[in-house]
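The structure appears right after this line, and notes come after that.
The values are calculated or read from the model by the stated rules, or taken from the named source; none is laboratory data. Here the structure is a predicted model, which is why all the values come from computation and not from measurement. Positions of Cβ are generated from backbone atoms using ideal geometry, with glycine treated the same way; all protein chains shown enter the neighbour counts.
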Amino acid sequence: MGCQASTASSPAGPLLPFPHASGKKTVVIVGFSIAGFTVGEQLWDSHNVVFVDQRDHFEYWPGNLKQAVDGGIKDKIITPFADVIKGYNNAFQFVQGRLLNVQKEANVIEVATDKDGSKRGTLQYDVLVLCTGFTYNNPIRSDSVYTVQGRKNNLETFAKQVDAAKNIAVVGSGIVAVELTGEIAYHAKAAEKKVSLIVRGEKILGQLDSKAGQAAEEHLKSKNVEIHYKTPDSDKLKKEKGFDLVFECTGQTYNSDFLKKNFNSSVAKNG
């Protein structure tokens, strides 16, 4: 992960100059995915926009489930940030790093620029936009892989696992679980596979209109998918059913660890 930063043994220094020579206000956007990019695109003509992200690439993650049946999709949905910057004629800046802390009184964020946090620096802002997103189980998201090639390798493994497996289970009842199950049901070798959807509750797509869940159920069953309702996920179940590949699609966890330090400080000050 590359940008100039101080070591942990010395005071954290600035990662970028502030204010910028142009005199425009600086907007720092933490998170260079769909939400962050959408915000930045509206601002970089009139402001100095700086993106901060752990990864060195953009991934259109809503498309990565297609990797289950199309091993080439990874090359269409992943783009190095360097190419994005060049494509937009250097309209913004990018710092590869992980947000550690927000010092809101000083309009400063602290960023780790290596995996273990031993290298870090500060970045000043006029406006801070937090688009830190969420964590989801692999292969939907992989929070331990930060490079283009690493992520492509990760998705390639996903495709090979689906191709080789004979008895596949998807755990979950939401949009991601249902979509992934559907993709696998359309695999070129689907006739050779047993595909199951494990649902803790009594229906799928509960966050949508009931007709959507009913239509999805009918469609999945038409593709010979077995839907197991009122079935808690457990190691015992996996052993009994003989699954050789299981995908856990049980929801996301929001990336908000960096807020803990601010929250604890506020509590201490307010007694």
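List of remarks:
- Lone unmet requirement of (1) within 17 Å of residue 52 (Cα to Cα); (2) buried (at least 19 other Cβ atoms within 10 Å of the Cβ); (3) not polar (S, T, N, Q) for residue 84: (2)
- Single residue of the range 88-118 satisfying the filter (acidic (Asp, Glu) and in contact (Cβ under 8 Å) with a residue 40 or more places away in the chain) that is surrounded by the most Cβ atoms within 10 Å (Cβ to Cβ): 110
- Flag for residue 140 being touching a helix residue (DSSP H, G or I) at 6+ places or on another chain (Cβ under 7 Å), touching a residue at least 24 places away in the same chain (Cβ under 8 Å), over 18 Å from residue 29 (Cα atoms) and crowded, with 17+ Cβ neighbours inside 10 Å: yes
- Counting only residues that are under 28 Å from the mean Cα position of the chain (by Cα) and in contact (Cβ under 8 Å) with a residue 24 or more places away in the chain, the range 230-258 holds 19 of them.
- Residue 121 being surrounded by fewer than 20 Cβ atoms within 10 Å (Cβ to Cβ) and either in the same structural domain as residue 48 (by TED's automatic domain parsing) or farther than 12 Å from residue 30 by Cα (or both): no
- Check on residue 102, in contact with a helix residue (DSSP H, G or I) (Cβ under 6 Å, 6 or more places away or on another chain), under 22 Å from residue 37 (Cβ atoms) and modelled with pLDDT of 90 or more: yes
- Residue list for the range 203-240, restricted to those being of a type outside the set (A, V, I, L, M), farther than 21 Å from residue 187 by Cα and assigned to a helix (DSSP H, G or I): 210, 211, 213, 214, 235, 236, 238, 239, 240
- Here residue 183 clears all of (1) modelled with pLDDT of 95 or more; (2) closer than 28 Å to residue 131 by Cβ; (3) exposed (fewer than 15 other Cβ atoms within 10 Å of the Cβ); (4) of a type outside the set (Gly, Ala, Ser) except the condition numbered (3).
- Of 223, 241, all but one fail to be in contact with a His (Cβ under 9 Å, 6 or more places away or on another chain) and either among the aromatic types (Phe, Trp, Tyr) or under 25 Å from residue 157 (Cα atoms) (or both); the exception is 241.
- Considering only residues in the range 52-75 that are of a type outside the set (D, E, K, R) and part of a helix (DSSP H, G or I), the one that is farthest from the chain's Cα centre (by Cα) turns out to be 68.
- For first residues located in the range 195-206 and in contact (Cβ under 8 Å) with a residue 60 or more places away in the chain and more than 17 Å from residue 223 (Cα to Cα), partners that are surrounded by 14 or more Cβ atoms within 10 Å (Cβ to Cβ) and of a type in the set (S, T, N, Q) and lie 6+ apart or on another chain with Cβ distances below 7 Å do not occur.
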